[in-house]
Amino acid sequence: MIDETHDPARASWVASANGHALFPIQNLPLGVFSPPGGGARGGIAIGEKIFDISAALEAGLFSGAAREAAEAASGRTLNPLLEAGPAARQALRRRVSDLLDAKGADAGKAKDLANRLLHDAASCQLHLPARVGDFTDFFAGIHHAHTAGTISRPENPLMPNYKYVPVAYHSRASSVAVSGGTVRRPNGQRKPPQQAAPDFGPCRNLDYELELGVWVGTGNDLGSPIPIAEAGRHVAGFCLLNDWSARDIQSWESQPLGPFLAKSLSTFVSPWIVTAEALAPFRMAQPSRPEGDPAPLPHLNDAADQANGCYDIDFQVLISTPKLRAAGAEPHLLSRSNASMLYWTVAQMVAHHTSNGCNLQPGDLFGSGTVSGLGTGAAGCLLEMTRGGSNPVTLHNGETRTYLQDGDEIIFHGIASSPGHVPIGFGECRGTVTEALPLG
Ligand code: CA
């Protein structure tokens, strides 16, 4: 639903928000942060600042439903707000938008309290915004599925279920971490084709996967599937997600039950939950399925979802290497993609996930699957970009990569834009590879 919070004419008295590439007043993403010397608490990104929800509560700036929502968003995790559902998020959004609006009814009052309400984002530490109960990783990027399948099964790249089932696996929640840290190269079992038996040692084919992350809001009771028409009410918001992947470990361990240690080494998410409400102007029709593809089965097929269940979000993947950093050079742009490349909508993922009665819970996290477009310039991981490591990619300083080396940093950006609306951003999902632990 588009309302006054999306008004492109709305400007903030927080000067850095106006024209900000990521966090203008039309965005207001939710997160958890610690200011210098302070404890973790809920906040909202606005320009180069973070709006402190508990400080605003203490100042008496909320009442009614907005106050209840602010209380649910003021603690060390946002799970209580996620549980409270779309009406609570919307009440909070409308009130905070009004407080930060240069022409808002209480703008003067809020501005007088600016020293208490706002922190410099650069001096704050950002945390995982919610406690993740379960993490499910989908496989909805059809170009990724096709290219990855071509490398291992050239004659039959897509499995026969792909266009019927939003394929997914249960991944690990405990190793989901917020952007900005390091990921340690895992040790694991490796068995290259030319080797008769596996050995144990550092992953040689460490990769990233560009994915759209989905934060689940209100859950469902065990045994009560979520009909696709109601799926949107259970989606609280979105983030960027890097599903670090150890390809050599993955190819050996995945038969027959799918990936395990190749994926659970860690998954990074961008710190801010860009809410479903903030993204309302950037929804679009799900692209038509190619001629000859089956229609989704009835429980996954909803006219409203097909008409606006897709998101126009542009992604970029960049790499910074130790050599690039030492030279003071910019990161190298590896690829660009868009969330509209996904074969399945988020509502279809929710409906499928719960269609057997499985219960989702507030703070559950989905990965969309690697969001690749067509061609190597739109590949969402190195497996695709280098054709399984056989075609190295050359960076702008002449370095080459097949897979990631120690010290390499991977950076994702995401921007949603649409004519007539102020573009909004996700903030970075960034992580650096560190060396494997020594063996025994
Ligand atoms: Ca993945």
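The values are calculated or read from the model by the stated rules, or taken from the named source; none is laboratory data. Predicted model only: the values in this text are computed from it and were never measured. Note that each Cβ is placed from the backbone with ideal geometry, even for glycine, and that neighbours are counted across all protein chains shown.
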Review point. Which number in (1) surrounded by 22 or more Cβ atoms within 10 Å (Cβ to Cβ); (2) in contact with a strand residue (DSSP E or B) (Cβ under 8 Å, 6 or more places away or on another chain) marks the one condition that Ser34 misses?
Key: (1)
Review point. Among the residues of segment 374-387, which ones are away from the ligand (no atom under 16 Å from the Cβ) and in contact (Cβ under 8 Å) with a residue 60 or more places away in the chain?
Key: Leu374, Ala378, Arg387
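One line per residue, one yes/no per condition, for (1) in contact with an Asp or Glu (Cβ under 9 Å, 6 or more places away or on another chain); (2) assigned to a strand (DSSP E or B):
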residue	(1), (2)
Ser16	yes, no
His20	yes, no
Gly37	no, no
Phe51	no, yes
Point to revise | Extreme residue, nearest to the ligand (Cβ to nearest atom), among residues of segment 360-373 that are more than 14 Å from the chain's Cα centre (by Cα) and over 18 Å from Gly232 (Cβ atoms) | key: Ser372
Revision key, fill the gap. How many residues of segment 251-308 are assigned to a strand (DSSP E or B) and more than 16 Å from the ligand (Cβ to nearest atom)? The answer is 5
Check your understanding: Taking into account only those residues within segment 47-71 that are aliphatic (A, V, I, L, M) and in contact with a strand residue (DSSP E or B) (Cβ under 6 Å, 6 or more places away or on another chain), which is farthest from Pro35 (Cα to Cα)?
Key -> Ile53
Exercise for review: Considering every residue within segment 218-234, establish whether at least one is within 16 Å of the ligand (Cβ to nearest atom), under 27 Å from Phe315 (Cα atoms) and surrounded by 24 or more Cβ atoms within 10 Å (Cβ to Cβ).
Suggested key: no
Check your understanding: Any residue at all in segment 144-162 that is modelled with pLDDT of 95 or more, within 24 Å of the chain's Cα centre (by Cα) and of a type in the set (Val, Ile, Thr)?
Key -> no
Review point. Just one of the numbered conditions (1) within 20 Å of His170 (Cβ to Cβ); (2) in contact with a Cys (Cβ under 8 Å, 6 or more places away or on another chain); (3) among the aliphatic types (A, V, I, L, M) is not true of Ala351; which one?
Key: (2)
Point to revise | One residue from Ser270, Ser245, Ser266 being under 30 Å from Ala197 (Cβ atoms), of a type in the set (S, T, N, Q), modelled with pLDDT of 95 or more and crowded, with 21+ Cβ neighbours inside 10 Å | key: Ser245
Exercise for review: State all residues of segment 60-84 that are assigned to a loop (DSSP other than H, G, I, E, B) and either under 14 Å from Arg95 (Cα atoms) or aromatic (Phe, Trp, Tyr) (or both); if no residue qualifies, say none.
Suggested key: Gly60, Leu61, Phe62, Ser63, Ala73
Exercise for review: Only residues that are outside any helix (DSSP H, G or I), within 21 Å of Phe426 (Cβ to Cβ) and among the hydrophobic types (A, V, I, L, M, F, W, C): list them for segment 324-379, please.
Suggested key: Leu333, Leu334, Leu342, Trp344, Leu365, Phe366, Val371, Ala379
Review point. Restricting to strands (runs of 3 or more DSSP E) lying wholly in segment 162-250: which have 2 or more residues that are over 30 Å from Ala276 (Cβ atoms) and either hydroxyl-bearing (Ser, Thr, Tyr) or touching a strand residue (DSSP E or B) at 6+ places or on another chain (Cβ under 6 Å) (or both)?
Key: 182-184, 187-190, 199-202
Study note, to complete from the structure: Filtering segment 248-263 for residues that are among the hydrophobic types (A, V, I, L, M, F, W, C) and either within 18 Å of the chain's Cα centre (by Cα) or surrounded by fewer than 24 Cβ atoms within 10 Å (Cβ to Cβ) (or both) leaves a count of 4
Point to revise | Matching residues in segment 409-440 - criterion: being over 30 Å from Pro24 (Cβ atoms) and either hydrophobic (A, V, I, L, M, F, W, C) or crowded, with 21+ Cβ neighbours inside 10 Å (or both) | key: Val433, Ala436, Leu437, Leu439
Practice item. Test Ala416 against the criterion of being closer than 28 Å to Asn79 by Cα, among the hydrophobic types (A, V, I, L, M, F, W, C) and touching a Gly at 6+ places or on another chain (Cβ under 7 Å), and give yes or no. Key: no
Practice item. Say whether the condition of being touching a Phe, Trp or Tyr at 6+ places or on another chain (Cβ under 7 Å) and of a type in the set (S, T, N, Q) is met by at least one residue in segment 165-174. Key: yes
